Amino acid sequence: MTEIVTSILAFIVALGLLVAIHEYGHFYVARRLGVKVLRFCIGFGKPIWSRVAGRDPVEYAVAAIPLGGYVKLLDEREGPVSDEDLPRAFTQQTPARRIAILAAGPAFNFLFAIAAYWLMFVTGVVATKPLIGVVEQGSLADRGGVRSGDEIVTVDGRKTPTLMDAQLGIVDTLVSDGRVPMTLGGEDGSLRRVELVIESERSEYTEDLAQLLPKLGIQPWRPVLPPVLESLSPDGTAASSGLLSGDRILEAEGEVVADWSGWVAFVRQRPGQTIDIVFDRDGARMEMPLEIGRVETDEGIIGRIGAGVHVPEDLYERVLTEQHYGPVEAIGHAARKTWEMSAVTVRLIYRMLTGDVSPRNLSGPINIAQAAGYTASAGLAAFLNFLAIVSVSLGILNLLPIPMLDGGQIAYQVAEMVKGSPVSERTQLIGQQVGIVLLLLLMSFAFYNDIVRLSG
């Protein structure tokens, strides 16, 4: 229940912030160009709060449905305009000035992404290196020459200091022509070039981008934790049975316990049972019966003993890297990161239209809310990264040439500049109707994907 509440609150905060920034772009540029703003609203539907303020009065409002927002400008097409205010109407501006106002919303989303990445890099962000753990025998990666213990140094010539950089590089290169050239660093420090060649349907590998590496036959490196107990819960069966922090499990029911994940799996499968264990305590080999508790979860009833794992301090040194730059240096890295994310997003959208990338990757409000909750719980850097990615996506989405979006309205202004007269109201009305249908279809499909992910 706590996770659901966190996800909802994080979703509202994230979307409200990004929509406010987008709409403020329109608001700021319109005011700077002398266009009268009537209302600045976050959300759709009936306002739940509103206030009129400013020397040039503007109504500021928050509406009930937090899935967007709008800035209402003075427009003679929507009602009578006094002769005094007519020069300040949106329709009275030149096409170039109208384009500036329309493009300002997406532009502010990109600027926010740069600011978010800048803050992330200045405060420092710890990321996972692209180290390869298990390579599935006979898989595409295995046939291409990828080996366990390798580190992905570059993908198609682009440096990949983090696992996310490597994943984005592989996705971007894969969907272009099905070939993924990589430079790998071996455990002995040597470098070698390999190339993965996908001869089957590329869309099969992109149905779930989070599962791309496993589909290629690659499991990222994960540390192997020894089965040493720590942080025992006072009401857990481990403590009540006499186990202590620092005990190392050696055997359970005659089976050797090699690592912590194997021990957890063993316990989960035996709710309510009493098992015989052998453990090491300060160098002494000891035996005792251990009762396993029963816990009801969404997955059913599982076994649990109420003990955490001891994590050695140097365990993650090999797999983690920190990206930390000074305030000036971080500007360039933030701008470059925003550009890379924008370019990858545009190419993925294009490849969805051509069928090379599965449209199942479209995310709706449920998936975004889950990601918002997870990243908010993971810390400031993770949440900033999430905000930057969604802000870039929001900027690009609004630049699509769909009549209901900024991109479609910009297209009308460009058409007016070319033909020398405004696009007819009938054409705009038809475009608006088509735009509504397209957006409803897009939102419905994204929502459907969310439901499939939840049920799957």
Could you give the size of the charge dipole of region 162-318 about its Cα centre, using +1 on the Cβ of each K and R and -1 on the Cβ of each D and E, expressed in debye and rounded to the nearest 20?
80 debye
Given the candidates GLN409, VAL346, VAL224, the one whose Cα lies deepest towards the positive end of the charge dipole of the chain, counting +1 at each Lys or Arg C-beta and -1 at each Asp or Glu C-beta, is GLN409
Return the distance in nm (one decimal) between the two label points of a simple spin-label model at SER231 and TYR374, each offset 7 Å from Cα along Cα→Cβ.
2.0 nm
For the chain, what is Rg from Cα atoms divided by 2.2 N^0.38 Å, rounded to two decimals?
1.23
Using alpha carbon coordinates only, what is the Rg to Rh ratio of region 229-309, with Rh defined as the Kirkwood radius?
0.94
Quick check on region 1-71: take the gyration tensor over C-alpha atoms, sort the square-rooted eigenvalues as a ≥ b ≥ c, and tell me if it's rounded (a/c under 1.5), prolate or oblate.
prolate
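How large is the convex hull of the Cα atoms of region 311-353 per residue, expressed in Å³ as a whole number? The partial results should precede the final answer.
Values: hull volume 4.8 nm³, N = 43.
Value for region 311-353: 111 Å³ per residue.
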Helix axis angle, 365-378 relative to the chain longest principal axis, alpha carbon, degrees
60 degrees
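Calculate, in nm to one decimal, what ALA335 and GLU187 gain on full extension: separation in residues at 0.36 nm each, minus their alpha carbon distance.
Values: separation 148, 0.36 × 148 = 53.28 nm, distance 3.29 nm.
Contour length minus Cα-Cα distance gives 50.0 nm.
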Just grab the label-to-label distance for SER50 and GLN219, each label 7 Å out from Cα along the Cβ direction, in nm (one decimal).
5.8 nm
Straight-line reach from LYS36: which aspartates and glutamates have a Cα under 13 Å away, not including same-chain ones fewer than 8 places off?
ASP56, GLU59, ASP75, GLU76, GLU84, ASP85
Excluding residues on the same chain fewer than 8 positions from LYS46, give the lysines whose Cα lies under 19 Å from its Cα.
LYS72
Taking every other residue with Cβ under 11 Å from the Cβ of MET288 and scoring Lys and Arg +1, Asp and Glu -1, one gets -3
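Each value in this text was obtained by applying a stated rule to the coordinates, not by laboratory testing. In this text, all values refer to a predicted model and were calculated from it rather than measured experimentally. A quick note on method: Cβ atoms are made from the backbone with ideal geometry, for glycine too, and the neighbour counts reach across all protein chains shown.
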